[in-house]
Amino acid sequence: MAEPGELTIALEEGFEGQHVVIVVDGEVVLDDPGVRTRLQIGLARSVPVRLPEGDHTIGVRVDGVERLSVRVDTGAVRWVAISRAADGVLDAVTGGGLRGYA
């Protein structure tokens, strides 16, 4: 489980070697030129970020194009799961409990 003050950003389904940049409140927390989903577990990358409790903005760029911006309250949200559809559209799901992978 995420520690208090920690938000886990998970890149899950649909990544096939794209260059992904994740920015939290204007600070780059991931810049990976080859994100690829591990099909066995449905996870490409997991990025833990220490944040004070409150509202934060997460931005995701794929191959240089801003694809997603999501605002989360870390008082309630402990993880953000981001998946990529075949057409390149990103989707984010958030939660406060455990999120496990095989």
task: Can you run down the residue pairs with Cβ atoms below 8 Å, 6 or more apart or on separate chains, where the first is in region 84-97 and more than 16 Å from Arg36 (Cα to Cα) and surrounded by 12 or more Cβ atoms within 10 Å (Cβ to Cβ) and the partner is modelled with pLDDT under 95 and among the small types (Gly, Ala, Ser)?
output: Asp91/Ala85; Gly96/Ala76
query: Just wondering, is there one or more residues in region 52-69 that are in contact with a His (Cβ under 8 Å, 6 or more places away or on another chain), in contact (Cβ under 8 Å) with a residue 12 or more places away in the chain and outside any strand (DSSP E or B)?
result: yes
query: Taking the stated definitions as given, is Val24 loosely packed, with under 12 Cβ neighbours inside 10 Å and either of a type in the set (Val, Ile, Thr) or without any contact (Cβ under 8 Å) to a residue 60 or more places away in the chain (or both)?
result: no
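The values are calculated or read from the model by the stated rules, or taken from the named source; none is laboratory data. In this text, all values refer to a predicted model and were calculated from it rather than measured experimentally. Neighbour counts are summed over all protein chains in view; Cβ atoms, including those assigned to glycine, are modelled from backbone coordinates with ideal geometry.
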